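The values are calculated or read from the model by the stated rules, or taken from the named source; none is laboratory data. Keep in mind it's a predicted model, so treat the numbers as computed, not measured. Methodologically, a virtual Cβ is constructed for each residue, glycine included, from the backbone with ideal geometry; neighbour enumeration extends over all protein chains shown.
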Protein chains: 2
Amino acid sequence: MNSQSNSASLPEKVASILREVVGSGSSISLHEPSFAGNEWNYVKDCLDTGWVSSVGSYVDRFEQMLAEFTGCKHAVVVVNGTAALHVSLLLAGVTEKTEVLIPTLTFIATANAVSYCGAIPHFVDSSEKTLGICPEKLSEYLTQIAEVRDGRCVNRRTGRIISALMPMHTFGHPVDLDELMAIGQRFCIPVVEDAAESLGSYYKQRHTGNFGLLAALSFNGNKVVTTGGGGAILTNDSDLAARAKHITTTARVRHRWEFIHDQIGFNYRLPNLNAALGCAQLERLPEALSLKRALAGAYREAFSGMAGLRFFEEPADACSNYWLNCILLDHDRISEKDSILELTNNRGLATRPLWTLMHYLPMYSACPRMDLSIAGDLALRVINIPSSPFLGKRYA
Amino acid sequence: MNSQSNSASLPEKVASILREVVGSGSSISLHEPSFAGNEWNYVKDCLDTGWVSSVGSYVDRFEQMLAEFTGCKHAVVVVNGTAALHVSLLLAGVTEKTEVLIPTLTFIATANAVSYCGAIPHFVDSSEKTLGICPEKLSEYLTQIAEVRDGRCVNRRTGRIISALMPMHTFGHPVDLDELMAIGQRFCIPVVEDAAESLGSYYKQRHTGNFGLLAALSFNGNKVVTTGGGGAILTNDSDLAARAKHITTTARVRHRWEFIHDQIGFNYRLPNLNAALGCAQLERLPEALSLKRALAGAYREAFSGMAGLRFFEEPADACSNYWLNCILLDHDRISEKDSILELTNNRGLATRPLWTLMHYLPMYSACPRMDLSIAGDLALRVINIPSSPFLGKRYA
């Protein structure tokens, strides 16, 4: 399907294929939202009734809809995905000066949430199959450095407790959850899923977020469902859900008029106005997901057989939301990554590289880590390409 | 103006006066927002253009409007007032295991923001004149327990540094800022204003929030300007403003596509959708303030001369927004507080007592504190009464 002559450069070829797939348009963004459903009705309803803030019917409704959609017993909505990660870790038992195993290949929120708990990120390598934590490498590594003492996992090298394992479903592609849950069980480490990018993604027919003790969703402006800014904590444990609601709403004890708080809580409430947007967005999620999968299919076909790179496809056992599509350069084409980014962006086709790996950032460079060579390699090779649902309309 | 017979009980008299002032209505809340201006237009514009999230023109516009209205050089909008307090303290130099002087008479966010910094709240007493920190008692107390060493204030009793003084303008009534700023200067303690309740309140003709190194505003649903949930950091220091913007937007370094973060930042961005609401609300703030002052005038007159309590009036040197109006029971009528709350709420007139004092809460009961007898006394005597701007229309 490549219309370029064989003599065209790789950047030219990539730009040309992207343009073929997405069609015309002067500025094609990486992921933009659409508000073509009940968004305006619900938001207007908030303004008309005056219920825009921390209490209101859309908050409850959005939580119920999320629970239903994901199959998780409980969803507690919060102000953004970072807040959801923070509280999920706290509720999983992460305390000061313990370590949390997270991928180095992730968005900054994953590592920052660990820091907010006073804990230390411990970086883990990724797999080229999922772009998420590599279970084989992690298992081998923990066998070397960790041991279980009195039901807790201890890092023998630092003497610190490893209090949680938090895999992230990169670009919506589920990690190998069966393997990671087994590692968590073997080493007595609770698993928390960073599902910020994977609303609508399934692992063995079960929605991501159902496997860990808790999971965090994000509804940032660039996600498949947006509330402007927002997030949610998912859990199948009713006690944890109640504690999540309590701690994210300033830990206030119910009373008709007294203000009593029984612990240090957070003001992480999602305003009703934003929840209203979420309800309307969620109604249209199945449609958005099918458009996104159609777009991914078009990319797969367009890039098939092309030399120098491949389109990244969902892992085995997974049905991905393809939140952000990406291509993976061959090793001998790594030097062309920046030219591809430059040319495509100059032509109004938004592309971007992986986030800077966490252990490359100054504030996290001294954190404990295993060998991170696969993530280091992926960081040189991955390029995200335009992924808005509406781009899939031509292929639906 | 009291239409009750003299033999009526105090609760009956209060309920009767409230009803006279606010007029009919089955459920009169403490403070409800109104969206009668451009709220719809601006929010719809966000949906129509797709700019609902973390970047968008209403964020910039809301910041400019806030700076103009308050006379502060810079306003940085954030996700809520608690986030504004947290970051203001961090930027003022509050670090782990230092102490921050705050009133015990405040909403929980003041104390929690100190905790988020890993610092320890140190509770200060209030004044019956302002309902905020009493400068005389604080000055006397610090003279006893604190000393300046190498340009920093040290609590001789605990050995810890006192890293900030954060007065709160209770119910919109400005504290005595001249006196408190002088204390801050004398003891080398930076002052941060908790101005969550005082948007539209002036001290000696200057808007609150202009006196401390930084200040925090709140736009919660019950405030004079609401964004659903939101807040802002105010400062006249350009360097601090730039750092506030950076740290509240994940500390991301500007780049066309790379994701580089240079410190542990926060995801405290206010969504554009909420900022749009704020712009429309702020356009109507002068009108809301004049309605609120008219309502306060009506209460003052209605309660004048009544035995057993008095209507709380703005302090000398201040022009208050009268965010929440309140009455103050005489000492010999303290036992009737609960009956007043019960009767008025049963009659659809929302009233409430002061927040539980911070040092009474389990997580803060062991924190350092001075004698807190005035706050303890006020907690038994203050009752908030309905304060929505629209209630002032009959008196404007």
Scan of the stretch A:131-157 for residues that are assigned to a loop (DSSP other than H, G, I, E, B), in contact with a strand residue (DSSP E or B) (Cβ under 7 Å, 6 or more places away or on another chain) and surrounded by fewer than 21 Cβ atoms within 10 Å (Cβ to Cβ), ordered by number: A:Arg156
Looking only at the stretch B:30-50, count how many residues are of a type in the set (Gly, Ala, Ser), more than 8 Å from chain A (Cβ to nearest Cβ) and surrounded by 15 or more Cβ atoms within 10 Å (Cβ to Cβ). 1
Might you check whether a residue that is surrounded by 24 or more Cβ atoms within 10 Å (Cβ to Cβ), of a type in the set (Ser, Thr, Tyr) and facing chain A (nearest Cβ under 10 Å) occurs anywhere in the stretch B:96-106? no
Scan of the stretch B:95-130 for residues that are within 23 Å of B:Cys319 (Cα to Cα) and in a strand (DSSP E or B), ordered by number: B:Ile102, B:Pro103, B:Ser126
Exclusive hit being of a type outside the set (Phe, Trp, Tyr), surrounded by fewer than 23 Cβ atoms within 10 Å (Cβ to Cβ) and outside the structural domain of A:Phe390 (by TED's automatic domain parsing), set A:Gly308, A:Gly265: A:Gly265
Can you report the number of residues in the stretch A:218-259 which are closer than 15 Å to A:Phe62 by Cβ, within 14 Å of another protein chain (Cβ to nearest Cβ) and touching a Ser or Thr at 6+ places or on another chain (Cβ under 7 Å)? 5
Let me confirm something: among B:Gly221, B:Gly212, which residue is in the same structural domain as B:Asp178 (by TED's automatic domain parsing) and modelled with pLDDT under 95? B:Gly221
Identify, please: which residue in the stretch A:342-382 is in contact (Cβ under 8 Å) with a residue 60 or more places away in the chain and β-branched (Val, Ile, Thr) and is, among those, farthest from A:Val224 (Cα to Cα)? A:Ile374
Checking B:Leu329, B:Leu341, B:Leu391 in turn, the sole residue that is within 13 Å of another protein chain (Cβ to nearest Cβ) and either aromatic (Phe, Trp, Tyr) or more than 19 Å from the chain's Cα centre (by Cα) (or both) turns out to be B:Leu341
Exactly one of these conditions fails for A:Ala275: (1) part of a helix (DSSP H, G or I); (2) surrounded by fewer than 23 Cβ atoms within 10 Å (Cβ to Cβ). Give me its number. (2)
Can you tell me how many residues in the stretch B:51-87 are facing another protein chain (nearest Cβ under 7 Å) and polar (S, T, N, Q)? 4
Number of the condition not met by A:Phe62 [criteria: (1) crowded, with 21+ Cβ neighbours inside 10 Å; (2) assigned by TED's automatic domain parsing to the domain that holds A:Pro389; (3) not aliphatic (A, V, I, L, M)]: (2)
Candidates A:Ala379, A:Ala296, A:Ala318 - the one that is within 12 Å of chain B (Cβ to nearest Cβ), within 22 Å of the chain's Cα centre (by Cα) and among the hydrophobic types (A, V, I, L, M, F, W, C): A:Ala379
